[in-house]
Amino acid sequence: MDNSIVLNGLRFQPYLRREQIDKQVARVASEIRRDFEGKNPVFIVVLTGAYVFAADLLRNVGINENQVEFVRYSSYEGGTSTTGCVKQLMGLRQEIKGRNVVIVEDIVDTGLTAERMIADLMAQEPASLKFATLLYKPESSRTGYTPDYAAFTIPPKFILGYGLDLDGKGRNLPDIYACEEG
Ligand code: IMP
């Protein structure tokens, strides 16, 4: 049976199934719970792609006194490759000075967005800052940045679904798909 999806003329094949995703999200959540229990963390979710991962992750972490904030950055302007120019589109509404912060991101590709966010947040002097990502593509790195928590380490494929998009489309897909063209 052909379970592939075509979006914007590109064909995507099933890559990670919901059961695998649930298992790895639960693993990352238990690592974060172990490290942050009793530390009253602030989770900073990076819009838009991380919203699905964040919802599942935070329910699995299960620390009820945590807080959730959102930021938005952009580096893609349509299509499947980064512009290399990272812009902050939306910032924090509360101070994080002295707080234990966990950034929740969908994917670390070149690492440019991660580095920019970390620089912006470190300027606000948090007590600690960790980075959790659903997907990590080390072979695409232009920065050498390694996230503290990663649900999956993957080759440099373009990914769709479970919050990740192509030109704003496909975020609703419950499984993760990879582009055939790489
Ligand atoms: P980086 O700055 O190159 O690490 O890319 C970070 C951002 O690019 C992510 O937050 C995503 O929004 C987007 N991105 C990178 N790779 C993919 C992908 O495979 N699918 C969808 N979006 C991606």
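A compact table of results
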read-out: Residue match in the range 25-44 (condition: more than 16 Å from the ligand (Cβ to nearest atom), without any contact (Cβ under 8 Å) to a residue 40 or more places away in the chain, in a loop (DSSP other than H, G, I, E, B) and over 16 Å from the mean Cα position of the chain (by Cα)); value: yes
read-out: Yes/no for Phe53 being in contact with a strand residue (DSSP E or B) (Cβ under 9 Å, 6 or more places away or on another chain) and either under 18 Å from Gly168 (Cα atoms) or surrounded by fewer than 19 Cβ atoms within 10 Å (Cβ to Cβ) (or both); value: yes
read-out: Inter-residue pairs, beta-carbon under 7 Å, first under 26 Å from Asp22 (Cβ atoms) and in the range 127-146, second charged (D, E, K, R) and surrounded by fewer than 18 Cβ atoms within 10 Å (Cβ to Cβ), 6+ apart; value: Lys130/Asp148; Phe131/Asp148; Ala132/Asp148
read-out: Leading residue by the ranking (farthest from Lys39 (Cα to Cα)) among those in the range 127-182 that are in contact with a Ser or Thr (Cβ under 6 Å, 6 or more places away or on another chain) and more than 8 Å from the ligand (Cβ to nearest atom); value: Pro156
read-out: Residue list for the range 86-120, filter: in a strand (DSSP E or B) and more than 9 Å from the ligand (Cβ to nearest atom); value: Lys87, Gln88, Leu89, Met90, Asn100, Val101, Val102, Ile103, Val104
read-out: Qualifying positions in the range 47-76 - in contact (Cβ under 8 Å) with a residue 60 or more places away in the chain and within 13 Å of the ligand (Cβ to nearest atom); value: Thr48, Gly49, Ala50, Tyr51, Val52, Phe53
read-out: Lone qualifier among Asp167, Asp109 - being acidic (Asp, Glu), surrounded by fewer than 18 Cβ atoms within 10 Å (Cβ to Cβ) and modelled with pLDDT of 90 or more; value: Asp167
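The values are calculated or read from the model by the stated rules, or taken from the named source; none is laboratory data. Just so it is clear, the model here is predicted, and its values are computed rather than measured. For neighbour counting, all protein chains shown are included, and Cβ atoms are generated from backbone atoms with ideal geometry for every residue, glycine included.
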